[in-house]
Amino acid sequence: MSDQATESLITDEMRAAIGKESEPWTCEVDKTQVRMFARSVGHTDPVFYDEEEAKKAGYRSLPAPPGYLGTPVYIPGESDPTSGRRRGQQTMPEPARPLNRRLNGGTEIEYLGDICAGDTLTARSHVSSVEERTGSIGQMLITTTETVYTNQDGQKVAIMRGTGIRY
């Protein structure tokens with residue numbers, strides 16, 4: 001067995017990053033984006049398209065479809081073009097040796113309140129765990145991240161947990 005197979009991928013810097021909260025970023029929920037997301041994933045319920053129907057169903061405005069947590073506000077020169085986060089925000093340090101392949105290990109969203117068009121959400125994330133496993137493809141690094149979303153009234157409305165696998 002090679003030294004690479006027994007050397008831990010998890011560094012002290014990675015352990016120290018667990019639980020550290022990121023800088024916040026803003027996500028806006030607007031009617032057009034709600035409709036576009038609902039349409040793109042095949043929702044046909046009129047509450048996602050017609051504000052009168054949404055209000056009849058008890059919502060303040062069009063509800064955000066499951067899986068949609070607003071659109072990050074993009075500011076040219078300041079935001080990452082992919083995530084919408086401010087450039088230079090803390091990210092997880094690199095493992096002890098390079099791992100070039102990445103896989104989405106799953107995402108779950110726990111809803112704690114309604115999210116509707118017109119809401120402005122503030123998101124903050126942190127790495128909640130880092131573990132390594134050995135499988136048929138070799139060593140894998142499994143990182144779980146938790147992102148908490150609060151609305152403009154300071155109410156926690158959703159928690160998203162995502163797992164990333166590097167190998």
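The values are calculated or read from the model by the stated rules, or taken from the named source; none is laboratory data. As the structure is a prediction and not an experimental result, all values here were calculated from the model. With ideal geometry, Cβ positions are generated from the backbone for all residues, glycine too; neighbour counts draw on all protein chains shown.
For every residue, the table says whether it meets (1) within 21 Å of GLY67 (Cβ to Cβ); (2) at pLDDT below 95; (3) crowded, with 20+ Cβ neighbours inside 10 Å; (4) out of contact with any helix residue (DSSP H, G or I) (no Cβ under 6 Å at 6 or more places or on another chain).
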residue: GLY113; (1), (2), (3), (4): yes, no, no, yes
residue: THR120; (1), (2), (3), (4): yes, no, no, yes
residue: ALA123; (1), (2), (3), (4): yes, no, yes, yes
residue: SER128; (1), (2), (3), (4): yes, no, no, yes
residue: GLY138; (1), (2), (3), (4): no, yes, no, yes
residue: VAL148; (1), (2), (3), (4): yes, no, no, yes
residue: GLY154; (1), (2), (3), (4): no, no, no, yes
residue: THR163; (1), (2), (3), (4): yes, no, no, yes
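Of the residues making up segment 34-62, those that are surrounded by 18 or more Cβ atoms within 10 Å (Cβ to Cβ) and within 19 Å of the chain's Cα centre (by Cα) are VAL34, PHE37, ALA38. When GLU108 is tested against (1) loosely packed, with under 11 Cβ neighbours inside 10 Å; (2) modelled with pLDDT under 95, only condition (2) is not met.
Table: residues versus (1) at pLDDT 95 or above; (2) touching a strand residue (DSSP E or B) at 6+ places or on another chain (Cβ under 8 Å); (3) closer than 28 Å to PRO24 by Cα.
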{"site": "SER40", "(1), (2), (3)": "yes, no, yes"}
{"site": "PRO46", "(1), (2), (3)": "yes, no, no"}
{"site": "ASP50", "(1), (2), (3)": "yes, no, no"}
{"site": "GLU53", "(1), (2), (3)": "yes, no, no"}
{"site": "TYR59", "(1), (2), (3)": "yes, yes, yes"}
{"site": "ALA64", "(1), (2), (3)": "yes, yes, yes"}
{"site": "GLY70", "(1), (2), (3)": "yes, yes, yes"}
{"site": "TYR74", "(1), (2), (3)": "no, no, yes"}
{"site": "GLU78", "(1), (2), (3)": "no, yes, yes"}
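Any residue at all in segment 89-104 that is among the basic types (Lys, Arg), surrounded by fewer than 16 Cβ atoms within 10 Å (Cβ to Cβ), touching a Phe, Trp or Tyr at 6+ places or on another chain (Cβ under 9 Å) and modelled with pLDDT under 95? Checked against the condition, which is being among the basic types (Lys, Arg), surrounded by fewer than 16 Cβ atoms within 10 Å (Cβ to Cβ), touching a Phe, Trp or Tyr at 6+ places or on another chain (Cβ under 9 Å) and modelled with pLDDT under 95, segment 89-104 yields at least one hit.
Is there a residue being polar (S, T, N, Q), modelled with pLDDT of 90 or more and in a strand (DSSP E or B) anywhere in segment 13-31?
From segment 13-31, those polar (S, T, N, Q) are 22, 26; that's our starting set.
Still in the running and modelled with pLDDT of 90 or more: 22, 26.
Next, only the ones that are in a strand (DSSP E or B) stay: 26.
Looking through segment 13-31, at least one residue is polar (S, T, N, Q), modelled with pLDDT of 90 or more and in a strand (DSSP E or B).
Could you please let me know if ARG133 is under 13 Å from THR107 (Cβ atoms) and surrounded by fewer than 18 Cβ atoms within 10 Å (Cβ to Cβ)?
No.
Listed by first and then second residue, the pairs linking a residue in segment 29-50 that is within 12 Å of PRO66 (Cα to Cα) and touching a residue at least 40 places away in the same chain (Cβ under 8 Å) to a residue that is of a type in the set (A, V, I, L, M, F, W, C) and assigned to a helix (DSSP H, G or I), with Cβ atoms under 9 Å apart and 6 or more places separating them unless they lie on different chains, are VAL34/PHE48.
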